[in-house]
Structures are given as C-alpha cells and as structure tokens.
1. Computed FRET efficiency, Cβ-Cβ of Asp479 and Asn212, R0 30 Å: what is it to the nearest 0.05?
2. If you average the sequence gap of Cα pairs under 8 Å that are 6 or more apart and divide by the length of the stretch 1-144, what percent do you get for the contact order?
3. For the stretch 1-202, with only Lys/Arg (+1) and Asp/Glu (-1) charged at the beta-carbon, what is the dipole magnitude about the Cα centre, in debye rounded to 20?
4. So in the stretch 1-202, what percent of DSSP beta bridges are antiparallel if you round to the nearest 5?
5. For Cys620, Cys211, which order do you get if you count the other beta carbons within 10 Å of each Cβ and list the fewest first?
6. Taking 60 Å as R0, compute the FRET efficiency from the Cβ-Cβ separation of Asp192 and Val50 and round it to 0.05.
7. Order 317-330, 551-564 from most to least packed using the mean count of other Cβ atoms within 10 Å.
8. Fewest to most neighbouring Cβ within 10 Å: what's the order for Trp414, Trp421?
Amino acid sequence: MGEICIESGACFPTFADAMAAQPGGGHLRVASGDYFEALEFTASYTIEKVDPSAFRPVLLHSPTAGAPILALSGPGVAVTVVGVDFDGNDGRVFEVRDGARLTLQVAFITSSANRSYGAVGVATDGSVVLQLVEIVGGSAAVGGQLYLQDSNLSVTSVGLTGGRGIATGVLDLVDTDGIPEHHVLEGLTMRDADVAFGQYALRANGDEVVCNNCVFERISGAVRMDEGDLEFTNSRFSNIGGTAISAQTSGALVVSDSTFEDVASSGILAQYIDSVDVSLTTFSRVNLGARVLRVPDARFVGDLFCAFGGDVDSQGLDFDVNSGAVLVANSRFIGGTSPAAIEVVTQAGSADVQILHNDFIGNYGQAVVSGEDYTADGPSPRDSIVDNLVVGQRGGTVLFDSDSLADVATNLGWDNGDARWTRRDWVGDAGFEGSPGWLAFDVGSACAMASSWDISPEGTWSTWRYAGRDAGSGALDRDGTPSDIGAIGGPDAFAGFWSDGDGDGWPLIYDCADDDAGANPGVPEQAYDGVDADCDGFSDFDADLDGYVSDLWFGDDCADEDASVNPGVYDEPNDALDGDCDGDRDADGDGYVWPEDCDDEQPAVHPGAVEDVDGVDRDCDGIVDVRRPLSPGGCSTGGGAPGWLAIGMLLVVRRRLVVGDLRAPFDGADVGQEPFGGAGHAEGARGGSGRNRAIAVDHESFVRSG
C-alpha cells in the first residue's frame, strides 16, 4: 500500500482518509502502489502520481464487483487524474453525471468486464477529457467501452483497443435531449474492435464530431452518424470489413486529407443527409469508393480512387440524385476494375451534375455513366462532362455512356485501344484523341506514389506529371492561363500546384525549386555546377542528357558530350570508338583495332592472321586470295578438281584447233602453200620444232605453273 498526501504535507494510507482531511477538494499526491477503493467526488480534486517516471505504477482497483472506481456528479465538480492506471475488471473505471467533468491524463486502463452499458466508462450530462490514455478490452451491449449520453467528449492521443460492442459500437455518443454536443477527437485510434456485422466502432447520434488525425484499423465498420455532423481531417481507415463511414438522415459530412484503404464495402455511404464534401482524400483498394444517395449537395474535389472495384455493384463514385448539385473535379481514378469509375443516376432530372478536370487511367469499364433516368420526368439537361483525361481504358467499348443530353466537350483520350467515346448523341463533341503530354505515371502497388501528389519535371522522376495540354472549354488554371486538361487544371485544382513561392513566374507544378528564382524551366542550364537550373529533371552531371553521369563526375559515361555513347548502347564495330564505355575499342577481341583490323567483327581476321584461299582478306594486307595451290606430288584432287579439269579441257580444245589448221594444207588442193614458211611448216606438222611445238610447251608450262 502506498500513501496519499494532501496539500498540508500530511499523508494517509487511503484516499478516503486523505479526502476527509481535505474535504473541500485540492491537490492529492499519490505514491506508487495498489489501491482498492471506490472514490466518490462532490468537490474538485487533482490526483497526481508523485513521480510519473517511476517504474512501479499507481494502480486503482474497484473494491467490489460493479462499483465504479471514480464517481463524480454535480455542476462544477471537476476531477483530474494524472499518471494513474486503472484495473476495470471488477467495475467501471468512471461514472460522470449531472454536469461534472472528468479528465484522465497519462493512463493505462484494462477491462475484462461485460456490461449492459459502457464497460469502462459512462457519462450522462457531463464531460469527459482523455489525454494520452490507452484502453484495452471491455464488452457491453451498448457502448462496448465508453457510453456518453448528452455529454461532451474530448480526446488527445487516445487508443481504444479490443473493445466489444454487442448491439452498437465500442464508443457511443448519444443525444437524447435534442441539444447537439460537440466532440473533438484529436489522435483517436480504434483497433481490433469487435462489433456485430453491420455495426460500427464509433457511433454518434445527433451530435457534432470532429476527428483529426484519427485511425480506424481492423474493424468491421468504423464510424456511423445519424442526424449529426461529421468532420474528418488527416484520418485513416484501414482493413475495414464493411463500410468505413456511414452518414444518414441529416447533417453534413466533411472529409479532407484522409485515406481509405482495404475496405471491403464502401469507403463512404452518405444517404439523405444535407451535404457531402470530400477533398484531397485517397481511396485505395476499396470495393466502392463512395455511394451518395439523395444528397442535394455533393462535392468530391482533388481525390484519388486507386484500384477500386471488386464486384458488379462497385464504382469509384456512385451517385443517386434527384435535385441539387453534384461536382466531381480534379480527381483521379486509376486501375479500377468496376463497371464504371463514376455512375450518376438521376431520379427526377433536375440535378446539376458536373464532372470536370478528372483523370481516368487504366480502368476496366467505362469512365462515366451519367444521366440515367428512371422517372417520367426525363433526363437532366445540365450534366457537364468537360476537360477530363481518359488514358488506357481497358475492357469497355465506350468511355462515356448516357441517355441524357449532356454537355460533353474537350475531353482528351489517349491509348484507349478500340474504345469509342460514346454510342449515344451528345451536345458538343464528346472528346478527341491525342497525347496529353505526360511522360510518366506510376502509382505502385499501394497507390502511395499517386497519393503523394508529387509533380515531376519532364522525363526523369519516378512519380508523375503533365507537360500540359490546354483545354478548349474556356476554363482557366489558377495562374490565369488556359487550363490544362485533367486533374491539375481548372479553378478547383489543388492550390499547392499553382503556388509560386519564389515569385519567378513559374508555379510549383513546373518549378522544381520554388524557393529559388534562379531555377525554373526558363533558365539556361549550366552543366556540372550541381544545380538543375532548367528543371528538366536530368542530373546536372549528365550534359548530353542520355541518362548517364559523366565519368569525370563519378559516373560511367565516357563521352558526356555525345548522347550516342554511354553504357547502355550497342558498341558498333569498325569505328574505333568505345561506344558502350567498357574501356575496350576492340570489338571482336582479337587484339587489333579498326582500321588496322580490317574487320573488327571477326576475331579470325586481323593483321598476321593465316591466309586462306576463301575470298576473304584474312591478314588485312589488301589482297584477296582466290587460288588454291596443288597438293604435293601431282594434280590437285578433291573438291577443286572439276574446275582444273575444265581449264585443261579448254586448252586441249584450243590445241586441237591449232593442229587442225596446220594439217589442212596436206589434206587439200593447196599443197604448195606454206602459210608458216617453207620447211618449218612441214616440220611443225610432224610435231618437231616450230610454232606447234611452242603451243605445246606453253600449255605444259601453264599447267605446271598452276
């Protein structure tokens, strides 16, 4: 047992003794130890652990089953407990009633209790403040861990883990007096909540809930609001087995800078409420991003829907409207597998639907199904589907489909295969084909790259960007220039894209250094000074922009002035150049370089090589050998014999013709003729001396000389 000291310095073994000695309230300092007491407060006290850093905690237990450890009631009664932990297995940790206020700071609470209402805490017409508090366990039919009726809740860095709500949620905020309470939840984390199918970990009814930096993980349903206002900023919903946020009946839903990932049903279900406003929010691997039913004012601006879909009744966005306005602008729909990225069903034909400046990239199915009308009133005449970018659509024959007379113009398509813009008639031109000017887009398996909103200069960075293509609709970008088609263009584009921090006239979307007026796309580049002055994204040590850094600056490009020479190219032979920068100009590896090596592609051809009679100058002496020498001891045989035989036969024929000419005077009438002169002629005819013999000798010499 520890001790409790009052402001006078006196110390007591029990809280009852200390409070009796200081009945009007005040400061109580508690030493480490276990205390088994039920404390009832009718005055304001601050209870604080003496040494918050001491290893052994101050631990309060309920002395009897069912009794709360802290019970306070009455207007003006405020109790603050700092650095004290609670064992709520036998009874509730707190009950706050009738205008009292309880603040718990730096506390760890465990509970295995099973109750009808709020196993850990209950408040009725009171206020509860939790700061740096962790609650683990606790089960109740209503409000598994905490149940607050007509009471205010404020939390800062609070975790609710492993709670069980049997009929409703783990944290229930209930209004019964018709006066909305205002709850501020800063850094609330709810994990592993066990709620019945179709129920939600956090339930609110008729109140206003603001949730900043909140996390909901591994829950079948996260948040439900009936007849109240919900606002989420920088919050995350992850591994949700059903719907993440359900807002119904009335009120407003606002979600900004938040993330929904791995949601089995809908990220957002909003029906019959007053308005929905979702901005700069990511829906990643969500079956249905958001379903909006009969909401007169719905806005989705600057959002990302990535890898959405999963069944036939899933879309990135699904609207069922009968009046009011619907705006989807500057959002991206990427890698969806649903029948449509956006579907708009008009029930009464009077809704003003605008789908402007969005990206539809690599989705299966249609980009937009708009204007379907199931009433006798006819389709909406005011749908506008303008300045959208549609790239890489897969699996659909139409990109836009409708039975409405929608205003559809200046939509840009690229790389959509055989898909047509529409099979119906539209007001204006549905769209045109052409390169959007982008150079890279990679969202990654977790969609993280796209959700980062990073803009990259042309050609190199691994995120995404547009080079920009102006729309023809007459809209303007935030810098006053004609708007770019797609998610970065138009008046509703993310303001950060168009800021100009250094005042150099180039907005951030094009300026790689918006804090340096000396660096923007209009500045000439100076290589090797370490500054990407022209914002082209290439390394400043890559002067020829071939993607390889100069070897003079610790790179591997041996000719940084020539883009055709770098380690990634094929080294052309017979040019004496080291084209691939491997340090070797000898392409065939025979030890000789062109032009000394007359064929640098053949290692058997080089100066000094053994010559062969094959029509190839193997020794690079400029002489191509075509004759083959005789084999020793006689005539050549083998493959070359037919050629030599043909030459011999020609010579024999020639010889016979000559001999025949010599014989002719002795066989005919012109006996006295001596065409070769006297006796020499006769001797030649007999094979002796003379020209006939000379021919024979010449023939023999020719054959021998080969």
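What follows draws every value from the coordinates through simple rules; no lab data is involved. The structure displayed is predicted, hence computed values, not measured ones. So basically every Cβ, Gly included, is an ideal-geometry build from the backbone, and we count neighbours across all protein chains shown.
1. After rounding to 0.05, the efficiency reads 0.45.
2. Reported relative contact order: 17 percent.
3. 220
4. Around 5 percent antiparallel, to the nearest 5.
5. Neighbour counts put them in this order, fewest first: Cys620, Cys211.
6. About 0.95, to the nearest 0.05.
7. 317-330, 551-564
8. Trp414, Trp421
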